[in-house]
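S.K.: Handing you a structure now.
The values are calculated or read from the model by the stated rules, or taken from the named source; none is laboratory data. All figures in this text were calculated on a predicted structure; none of them were measured in a lab. Note that each Cβ is placed from the backbone with ideal geometry, even for glycine, and that neighbours are counted across all protein chains shown. Side chains are part of the model used for accessible areas, which takes the heavy atoms of the whole protein and leaves out ligands, DNA and RNA. Shrake-Rupley method; radii C 1.70, N 1.55, O 1.52, S 1.80 Å.
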Amino acid sequence: MEKRAISFAQDIRPLFRPVDVQHMAPMGVLLDDNGYMSDPQNAQVVYEYLKGERQPQMPPGGPYWNEEQLQLFSEWLAGGRQP
Ligand code: HEM
């Protein structure tokens, strides 16, 4: 059976907590918005903050995303950022 594509709405959006969405929106980082997140540059920068490749690692002070969550985000990127 073919594996279902990773979806923003179903798989990625639920990983962001309300506090994440609320703190980042005023800075113009729309974590709950597919239109914002499906932009390749935006999605890549968010990923780098989640991994700590850009500092400060997000969310500040943690808890940081675990390997499984980061892997899911990475597969969503690789899959062309499906809605
Ligand atoms: C483009 C990507 C992002 C940028 C440039 C960014 C930048 C920032 C900056 C500059 C702050 C203020 C830092 C501070 O108060 O110490 C902040 C706060 C915060 N960010 Fe982000 N962030 C990004 C993505 C994210 C993501 C992906 C999450 C969650 C998974 C997140 C969650 C938060 C939270 C919860 C705060 C508030 C922390 C607090 O006040 O205690 N951010 N972000």
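S.K.: Counting only other residues whose beta carbon sits under 13 Å from that of Q82, what net charge do I get with K and R as +1, D and E as -1?
M.R.: Within the 13 Å Cβ shell, the charges total +2.
S.K.: Here is a further query. Keeping every protein chain present and rolling a 1.4 Å probe, give me the accessible area per residue for the chain in Å².
M.R.: 63
S.K.: What percent do you get for the relative contact order of the chain when only Cα pairs under 8 Å and 6+ apart count?
M.R.: Across the chain, relative contact order equals 40 percent.
S.K.: Next question, about the same structure. Label point 7 Å out from V19 along Cα-to-Cβ: which residues of region 50-83 have amide N under 15 Å?
M.R.: Answer for region 50-83: 58-65.
S.K.: Would you kindly state the longest site-free stretch of the chain, with sites defined as GluC sites (Glu not before Pro) in a DSSP loop (not H, G, I, E, B) surrounded by at most 15 other Cβ atoms within 10 Å?
M.R.: 3-52
S.K.: At a 1.4 Å probe radius, which order do Y36, Y49 fall into by accessible area, largest first?
M.R.: Order by accessible area, largest first: Y49, Y36.
S.K.: In whole Hz, what ³J(HN,Hα) sequence does region 10-17 give by Karplus (6.51, -1.76, 1.60; θ = phi - 60°), x for Gly and Pro?
M.R.: Taking θ as phi minus 60°, the curve returns 8, 10, 9, 3, x, 7, 7, 7 Hz for region 10-17.
S.K.: Carbon-plus-sulfur fraction of the accessible area of the chain, 1.4 Å probe, in percent?
M.R.: Its accessible area is 53 percent carbon and sulfur atoms.
S.K.: Most fluctuating residue of L31, L50, L72 in a GNM of the chain with Cα springs under 10 Å: which is it?
M.R.: Comparing L31, L50, L72 in the GNM, the peak value goes to L72.
S.K.: I would also like to ask the following. In sequence order, what are the phi-derived ³J(HN,Hα) couplings for region 21-35 according to the Karplus relation 6.51 cos²θ - 1.76 cosθ + 1.60 with θ = phi - 60°, rounded to whole Hz, with x for glycine and proline?
M.R.: Each residue's phi maps through the Karplus curve to give 4, 5, 6, 8, 4, x, 8, x, 9, 9, 5, 9, 10, 4, x Hz.
S.K.: How far is helix 40-51 tilted off the main Cα axis of the chain, in degrees rounded to 10, range 0 to 90?
M.R.: The angle comes out near 70 degrees.
S.K.: Where does the charge balance sit around A9 when Lys and Arg score +1, Asp and Glu -1, over other residues with C-beta under 12 Å from its C-beta?
M.R.: Summing Lys and Arg as +1 and Asp and Glu as -1 gives -1.
S.K.: What distance in nm separates the simple spin-label points at M27 and K51, each placed 7 Å from Cα in the Cβ direction?
M.R.: 1.9
S.K.: With the crude spin-label approximation of a point 7 Å out along Cα→Cβ, what separation in nm comes out for Q41 versus Q82?
M.R.: Simple spin-label model gives 2.7 nm for this pair.
S.K.: For a quick check: with amide H placed at 1.01 Å from N, whose amide H comes under 5 Å from Q82's, ignoring anything fewer than 5 positions away on the same chain?
M.R.: F8
S.K.: Report, to the nearest 10°, how far helix 67-78 tilts away from the longest principal axis of the Cα atoms in the chain, using its own Cα long axis and a range of 0 to 90°.
M.R.: Its long axis makes an angle of about 60 degrees.
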